[in-house]
Amino acid sequence: MLKLSANSILIGSLLLAPVGMQSLHAQAAAKAASEQIQVNASLAQSIVDKTLARHSDEIGKLGIHAVPPGTTDNVIIACNIRSKNGKKSSPADLEKLAEAKPLAARIDKEQIFDLLIPMTDAHGGDLKGGFVVMEVPFAKTTSEEEALKIGIAIRNEIQKQIPSKDALYR
């Protein structure tokens, strides 16, 4: 019968810990990859970049969500943080979208109003779950209502640049 001391068990555990951590890291990376798809929405990205450049003093983050052609998941199709492109929309965002109205959430910790605003193309056409998200800093406004006014004006500007759902992906 093999007898192990407490020290040999501790040393063995410490030697195996990096292997366990690598496995956890690999699992987290695989989960993140499964929550992201490849998206090529050139027009949408161009609109986000130009809009943010024009309104950088009013908003921080800016992203467009929709269901790309040939897929079933609502994802970020364009964002000023490019690494987020293709990331699946959160269940919380999809619940808010189901309300079919512009929403603002005050986030005191980050000193922002987080906006989610449904959107269409320039002709009122469905973008298949289309919505825009943006952050309005407290420095620009003190109320959710004022943040929504800023956000809706920017959303309207974005919509005018979208000739159709399909055009977003050209």
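Readers should treat all values here as calculations from the given coordinates under stated rules, not as data from a laboratory. This structure is a prediction, so every number in the text was calculated from the model and none was measured. Cβ coordinates were reconstructed from backbone atoms using ideal geometry, including for glycine residues, and neighbour counts include every protein chain displayed.
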Rg from C-alpha atoms of region 42-169, normalised by the globular rule of thumb 2.2 N^0.38 Å, equals 0.97
About its Cα centre, region 109-170 carries a charge dipole, from +1 on Lys and Arg Cβ atoms and -1 on Asp and Glu Cβ atoms, whose size in debye to the nearest 20 is 220 debye
Under 5 Å from the placed amide H of LEU62, counting only residues 5+ away or on other chains, we find ASN80, ILE81
